[in-house]
């Protein structure tokens, strides 16, 4: 029998899933690791934590399944995007990775825009300079840690550091590289012009592949550490959102998905390059060769609910532990008892600043309308609704660009919540479906591995063969009318607070 492995190196943890060649999951394992925040607005992780979690979870799925590792035909890697991993000449990590939700590089982004030119930067990289992206982080290290920067010989993205430890190869692929502000997205290669203007040595950058291309093979050392067979193929894989797109079948025109993970994303397939003139949404290369994606990202979606859980839902956590259930399911039940609109309470989910469509790293979270009548359950419902309003803002921006939504899927941890999916349907005004498989990005990169290993002729055919959908949730007209009123008010709050956010950041 043929098997495939998908490894998803996320922000909260790494999940490894072993699949049969037809996409049926056989075994999975997850290992969590910490997020470090040395200062307000900063976010870092230790790349060694990712590797330990990857090696441990691969060993775990092999142990659970009992299969011969030589039957694994390919491995695909998915990962959190934009993180900066810096290695010295010997391949040793020089510092913690500055990850996607870090907001420290505002000044560096201004410099990138000035040196390259705002319009030219968007023409080349399809995106403006943003604090979350990798280029600003490279400059930040160069300016603030110059001795360390002088030792740097290789720059990698999070999943590509795992690839290096698996194969010894310094490589990336187009979907993840699109989020660096250094890739020529229309041409699908590093931009010599941007690298030269920013004085970043091109030799620091890894080789760029298409997502289903073979990038290397498992080394003897990695085989000993993981239990994999030496020589197992490792394909390019994809950034987490492109991987989720493949795992949900969003590989053809008219298809899109919403994911509520740590961040929240609306992601649409495009057969051609479509670029927002002001860069308020992201255009990236898709994991499908010759195709692109249009993506809008809100930074603290599931993170908002996790923050609320960790700080205000100890009772639910303890009860859930006693019942052997997920505390989020109990929180869903609590939120469902609160009427639409959360009793006139609004939440702005800007815990880590905001990306699309606001592009404001200084913005911060707000409860608006809080009064003595409100309970913890009202606040919980408001958090969930506020995340949906931020996604609706992204949705409307994409519609204004002429992006069509024939099919909308929901995925990510938040996509498992029927309540959150219903909120999405009511706010989008369209049906929302889920995929029968719950493996998302891990399935997506396993599919890419299947294509790279020759089990399928191309990504589209692989998705048609593997992916099955569940019945859709339809909008409830009466709730949509209520949400529309609150959404209009939500849209008015950020402009009123923008200057005050800047004042707060300067204190």
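Hey, could you check segment 399-414 for residues that are touching a strand residue (DSSP E or B) at 6+ places or on another chain (Cβ under 6 Å) and assigned to a helix (DSSP H, G or I) and say which is modelled with the highest pLDDT? In this case the residue turns out to be 414. Of the residues 268, 222, 256, 244, the single one that is outside any helix (DSSP H, G or I) and touching a helix residue (DSSP H, G or I) at 6+ places or on another chain (Cβ under 7 Å) is 268. What do you reckon, is residue 276 outside the structural domain of residue 332 (by TED's automatic domain parsing), over 13 Å from the mean Cα position of the chain (by Cα), within 27 Å of residue 425 (Cβ to Cβ) and not in a strand (DSSP E or B)? For residue 276, the condition - outside the structural domain of residue 332 (by TED's automatic domain parsing), over 13 Å from the mean Cα position of the chain (by Cα), within 27 Å of residue 425 (Cβ to Cβ) and not in a strand (DSSP E or B) - is met. Here the condition is being at negative phi, touching a strand residue (DSSP E or B) at 6+ places or on another chain (Cβ under 6 Å) and in a helix (DSSP H, G or I); of 391, 330, it holds for 391 alone. Any idea which of 428, 456 is closer than 30 Å to residue 175 by Cβ, in contact with a helix residue (DSSP H, G or I) (Cβ under 7 Å, 6 or more places away or on another chain), without any contact (Cβ under 8 Å) to a residue 24 or more places away in the chain and surrounded by 13 or more Cβ atoms within 10 Å (Cβ to Cβ)? None of the others qualify; the one that does is 456.
Any chance segment 333-349 includes a residue that's within 27 Å of residue 269 (Cβ to Cβ) and not in a strand (DSSP E or B)? Yes, there is a match, as at least one residue in segment 333-349 is within 27 Å of residue 269 (Cβ to Cβ) and not in a strand (DSSP E or B).
Scan 106, 132, 83, 63 and give me the residue that is under 24 Å from residue 11 (Cα atoms), surrounded by fewer than 24 Cβ atoms within 10 Å (Cβ to Cβ) and in contact (Cβ under 8 Å) with a residue 60 or more places away in the chain.
Values: 132 fails: surrounded by fewer than 24 Cβ atoms within 10 Å (Cβ to Cβ); 83 fails: surrounded by fewer than 24 Cβ atoms within 10 Å (Cβ to Cβ); 63 fails: under 24 Å from residue 11 (Cα atoms).
After applying the criteria, what remains is 106.
Can you tell me which residue among 187, 142 is in a loop (DSSP other than H, G, I, E, B), surrounded by fewer than 24 Cβ atoms within 10 Å (Cβ to Cβ), free of Cβ contacts under 8 Å to residues at least 12 places away in the same chain and not assigned by TED's automatic domain parsing to the domain that holds residue 352? Going through 187, 142 in turn, just one is in a loop (DSSP other than H, G, I, E, B), surrounded by fewer than 24 Cβ atoms within 10 Å (Cβ to Cβ), free of Cβ contacts under 8 Å to residues at least 12 places away in the same chain and not assigned by TED's automatic domain parsing to the domain that holds residue 352: 187. When segment 274-326 is filtered for residues that are more than 30 Å from residue 118 (Cβ to Cβ), at pLDDT below 95 and buried (at least 19 other Cβ atoms within 10 Å of the Cβ), only 316 remains.
The values are calculated or read from the model by the stated rules, or taken from the named source; none is laboratory data. None of the values given here were measured: they were computed from a predicted structure. Ideal geometry is used to build each Cβ from the backbone, glycine not excepted, and the neighbour counts take in all protein chains shown.
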